[in-house]
Amino acid sequence: MFAKILHIVCFLVLLQSKFCIAQTTVPVPDANFRSFLQTNFSSVMSGNLLDTVAASNVTGTLNCHSRSISDITGIQYFKKLTIINLSNNSISTLPALKNFSNLQQLYCDTNQLTSVPALNALTTLQVISFKKNNLTALPSLTGLTNLTMLRVGMNNLSALPSLSGLTSMTTLDASENNLTQLPDLSSLINLENLYCGKNALTVLPSLQTLVKLQILICGENQLTSIPELHYCTLLKFIRISDNQISQLPDLSFMNTPTQVHLDHNNLSFEDLLAVVSNSNYSSTVFELFPQNILGNYADTIVKKNGQFRFKLNIDESVNSNTYEWYRKNTYISSTSSDLMQINGVADSDTGSYYAVIKNSNPAFVGDSLVSNMKKMKVAECFVSATISITAENISCKEGFRVTVNTSNLTGVISPLTYSATNTYTGESYASSMPVISRLPEGNYQLQVQDAMSCETTPFTFDLVSGSDCDPVFSPNGDGIADTYYISTPGRAKIFNKNGTLIQEFTTPAYWDGVDKNGAEAPSGYYAIIVNEKITMHISLMR
């Protein structure tokens, strides 16, 4: 009986052992990866199956570059590798790599990756390279303090993760993505190479702590300026071409530059003269031209026989420039300033104007800048026709609101300006809309002016308050009811309540509360007589 039991126990032990051994082998789905392992790591393959125990003991490098692999399943068992190179395949997904405690270099360039698994547990990583994939985001890099190189160019990244604490990094390549900004770079105190060209960057972060920086490439972005670089005393190579930079930082600190590309920006001779005056300047090192077309100028319409002025606002402080002026690619004239002026313009002057700017410095021989075009059209003034108004008395205190009807005007050039001028006081009320508000009663001349300074014939009208307005005025200088308007033409006499004549003048006119001796009339009740007839009684309040 004992022998029988022992036999059964041994059988179970052997069965369990066989079962356990079976569990250490797994299939490798991708035929090309399987073939690569069979050829280069035959000790880990049992036919078409991968021995996971054997794989977990493999050290060193696994390089399956350019093997037409699309599925890398199985690589997760090679946990002791120090270098993995999967570049130039068709891999779209990576398995979890969190247990690769010895991994130092990971290359996955030129694949079809859309995402990357968590990497921040791989604290031994020194190189991460995922160039030319379809990545839209990167995982956290926090804690990868041994990382010296991060290459993620030619993807679809719109942002980079925080780079804080990555003090060992010497190379950062994020070129050819969709980045609009870079993260804070102040931790990268050992960075030597920064590649961020061909993005949508509008500004660069401070580079003040990047004292070991040697190469800066940020061309083909939307940068308008570059931060101060004089902290980066080891800089040798700069490419900031194809941006919108209009002002340069000081570059005189570069002792022995190898290449400096400043072309295709918005730099004028004022900026470029500062560059060529530095002792480090060499025409074989610095690339300055061509520059972008400079300036932006609004189209304009000038009335016939009027004046056309085209001011570039370029290099106004530079006295060594010559400005060659063109209309429709036809040379007109040259000036030493950035202003071109035509008096008495005619129809033939209509066209697009621009300037070619040259500088007499020997460093610029054969080079020039070009301004943007300004289109000018010559037009006749509009046909002045009768204009009309509609007046509404808002209140005795608020005065009148006048609406102008310009439907009879033809050929006007917008925008229009509307102005009503009091013929007695000379005070003018203007508006950019065909409504003028808060007009006190009085006699006015209305004019409409268009963008070419063409004006309508003055239209004269009276504003007279109705009988419902209290005949009270208060000449205290607050701008409200300071005068009283007498609209009846003739000779006005003003008497106080005692019947004493205190003032007289020709009307229509305003009474400002002053007597004929120039003294202020006191508060009280007054009678106004025009042409020897009583017109109104009025109260003056101070």
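Quick one: is M340 in contact with a Ser or Thr (Cβ under 7 Å, 6 or more places away or on another chain), touching a residue at least 12 places away in the same chain (Cβ under 8 Å) and surrounded by 13 or more Cβ atoms within 10 Å (Cβ to Cβ)?
No: the conditions fail for M340.
What number of residues in the range 253-287 are under 20 Å from E220 (Cα atoms) and at pLDDT below 95?
Qualifying residue count, the range 253-287: 0.
Confirm whether S175 is under 21 Å from L113 (Cα atoms), polar (S, T, N, Q), assigned to a loop (DSSP other than H, G, I, E, B) and touching a residue at least 40 places away in the same chain (Cβ under 8 Å).
Details: under 21 Å from L113 (Cα atoms): yes; polar (S, T, N, Q): yes; assigned to a loop (DSSP other than H, G, I, E, B): yes; touching a residue at least 40 places away in the same chain (Cβ under 8 Å): yes.
In short, yes.
Out of T535, T507, I need the residue that is surrounded by 12 or more Cβ atoms within 10 Å (Cβ to Cβ), assigned to a strand (DSSP E or B) and at pLDDT below 85. Which one?
Working: T507 fails: at pLDDT below 85.
After ruling out the rest, the residue left standing is T535.
Return the total of residues in the range 239-273 being outside any loop (DSSP other than H, G, I, E, B) and under 23 Å from L213 (Cα atoms).
Final tally of qualifying residues: 4.
So which residues in the range 292-323 are surrounded by 14 or more Cβ atoms within 10 Å (Cβ to Cβ) and of a type in the set (K, R)?
K303, K304, K311
Picking from R239, R309, which residue would you name as being touching a His at 6+ places or on another chain (Cβ under 8 Å) and farther than 15 Å from L369 by Cα?
Result of the check over R239, R309: R239.
(1) surrounded by fewer than 19 Cβ atoms within 10 Å (Cβ to Cβ); (2) more than 57 Å from the chain's Cα centre (by Cα); (3) in a strand (DSSP E or B): which one isn't true of K497, the others all being true?
The failed condition is (3).
Quick check on my filter: what residues within the range 310-358 are assigned to a helix (DSSP H, G or I) and in contact with a strand residue (DSSP E or B) (Cβ under 7 Å, 6 or more places away or on another chain)?
If the condition is that a residue be assigned to a helix (DSSP H, G or I) and in contact with a strand residue (DSSP E or B) (Cβ under 7 Å, 6 or more places away or on another chain), then D347, D349 are the ones that fit.
Only one of (1) modelled with pLDDT under 90; (2) assigned by TED's automatic domain parsing to the domain that holds D515 fails for C454. Which number is that?
Failed condition: (2).
Name the residue, out of L166, L194, that is touching a strand residue (DSSP E or B) at 6+ places or on another chain (Cβ under 6 Å) and closer than 20 Å to F130 by Cα. Let's see the steps before the verdict.
Working: L166 fails: touching a strand residue (DSSP E or B) at 6+ places or on another chain (Cβ under 6 Å).
Going through L166, L194 in turn, the sole match is L194.
For the structure I just gave you, tell me whether S268 is surrounded by 17 or more Cβ atoms within 10 Å (Cβ to Cβ), closer than 23 Å to L294 by Cα and either in contact (Cβ under 8 Å) with a residue 40 or more places away in the chain or of a type in the set (D, E, K, R) (or both).
When the stated conditions are applied, S268 passes them.
For the range 179-230, which residues satisfy the criterion of being under 17 Å from V260 (Cβ atoms), of a type in the set (D, E) and out of contact with any Lys or Arg (no Cβ under 7 Å at 6 or more places or on another chain)?
If the condition is that a residue be under 17 Å from V260 (Cβ atoms), of a type in the set (D, E) and out of contact with any Lys or Arg (no Cβ under 7 Å at 6 or more places or on another chain), then E228 is the only one that fits.
Determine if the range 195-206 includes at least one residue that is more than 27 Å from the chain's Cα centre (by Cα) and in a loop (DSSP other than H, G, I, E, B). Give the steps one after another, and end with the answer.
Step one: filter the range 195-206 for residues more than 27 Å from the chain's Cα centre (by Cα), giving none.
The answer is no; no qualifying residue exists.
Where residues in the range 214-257 are among the β-branched types (V, I, T) and exposed (fewer than 14 other Cβ atoms within 10 Å of the Cβ), which of them is nearest to L204 (Cα to Cα)?
T233
Take the conditions without any contact (Cβ under 8 Å) to a residue 12 or more places away in the chain and under 18 Å from Y510 (Cα atoms) and apply them to Y444. Does it pass?
Answer is no for this residue.
Based on what the data block shows, is D482 surrounded by 14 or more Cβ atoms within 10 Å (Cβ to Cβ), outside any strand (DSSP E or B) and charged (D, E, K, R)? Walk me through it before giving the result.
Values: surrounded by 14 or more Cβ atoms within 10 Å (Cβ to Cβ): yes; outside any strand (DSSP E or B): yes; charged (D, E, K, R): yes.
In short, yes.
Where in the range 1-111 are there helices (runs of 4 or more DSSP H), lying wholly inside it, with at least 1 residues that are at pLDDT below 95?
2-22
The values are calculated or read from the model by the stated rules, or taken from the named source; none is laboratory data. Treat the numbers as computed from the prediction; the structure is a model and nothing was measured. Quick reminder, even Gly has a Cβ in these numbers, built from the backbone with ideal geometry, and neighbours come from all protein chains shown.
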